[in-house]
Amino acid sequence: MAVPVTTCPHCGRPGAVFVHREVGEPTDLVCPEGHQWRAVGRPGWAPCASSAAQSGRYGADDASTWTEPMDVDKDGQRWRIGTPDDVRWLAGQTTQGFSVTTAIPPVFDAYATFHPPEGVGFDAHERAVVDELASCTTDQPWWLGYLDTGAHDVVFPHAPRISLYWDYPYVVVEAGPEQALTWRTGHMRGDGPLPDLFFPADRSWLVSALWDDTWTDFGGSAAVVARLRRHPLVNARPVGPDEDACPPGLTRG
């Protein structure tokens, strides 16, 4: 799912993943100018064996060196695809292990996890999450990140990917809460619409669900965590930065 850094044979600019391919198969690349070409994947590469993971640091940028903004069309509007600079505050800042800071950098005052409570569907649960976050966030863009697992919708399949965590490839786009609830249906955790990662432009909080997790992690202010905890459909559970983040009754994938 990742390829060596390579440059465009037409203009010499760095390329990024264009279409997901299996390990070892030919991979399509695209540069910021829109030129497309094919490269060969690294034989035997797997996310958990990346150089970043082996060194104990996640979020290597070696496969995400493109820097020019790129706009894409959807719903009659233009949306900006994020570059590595837009997530640099997150890339390489998480920790190794089973705590919430594996998904959320240890820069927030409070942390929590959430998942749908028993008897509540993903749509109702995730709408409650977004409504609560929108109500306590000033009007601003949100960055939405869709993890390319090869099996789930990333909304913009031809957009360049950004490497985060164990070099996982994400499509990151600047949009807002409405798009977070409407752009796709179905993710790693169930039938809901939420992106796998999202945060406001001011980075006052972060929502992130890792590949193997059956819940979602959150970092923000203590006031926002308390607010999420009070909403019965959100089902938020405060956790310390050094605690095992897996909620009681759930298991890792």
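The table below lists the values:
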{"item": "Solvent-accessible heavy-atom area per residue, rounded to whole Å², over the range 199-253 at 1.4 Å", "result": "46 Å²"}
{"item": "Table column - 3J(HN,Hα) (Hz), the range 215-232, Karplus curve with 6.51, -1.76, 1.60, x for Gly and Pro", "result": "9, 10, 9, 9, x, x, 7, 4, 5, 5, 4, 4, 5, 4, 5, 6, 7, x"}
{"item": "Globularity ratio of the range 128-253, using Cα Rg and 2.2 N^0.38 Å", "result": "1.03"}
{"item": "Hydrodynamic radius (Kirkwood) for the range 200-253, which is based on Cα pairs only, to one decimal in Å", "result": "12.3 Å"}
{"item": "Percent accessible area from carbon and sulfur atoms, the range 149-192, protein chains only, probe 1.4 Å", "result": "46 percent"}
{"item": "HN-Hα J in Hz across the range 195-203 - Karplus 6.51, -1.76, 1.60, θ = phi - 60°, x for Gly and Pro", "result": "x, 7, 8, 7, 7, x, 4, 7, 6"}
{"item": "Overall form of the range 70-187 per C-alpha gyration tensor (a/c, 1.5; a/b vs b/c)", "result": "rounded"}
{"item": "The range 95-196, accessible area per residue, ligands and nucleic acids excluded (1.4 Å, Å²)", "result": "35 Å²"}
{"item": "Length gained when the stretch Arg203-Ala222 is fully extended (0.36 nm per residue, less Cα-Cα span)", "result": "5.4 nm"}
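The values are calculated or read from the model by the stated rules, or taken from the named source; none is laboratory data. The model shown is predicted, which means the values in this text are computed figures rather than measured ones. Side chains are part of the model used for accessible areas, which takes the heavy atoms of the whole protein and leaves out ligands, DNA and RNA. Shrake-Rupley method; radii C 1.70, N 1.55, O 1.52, S 1.80 Å.
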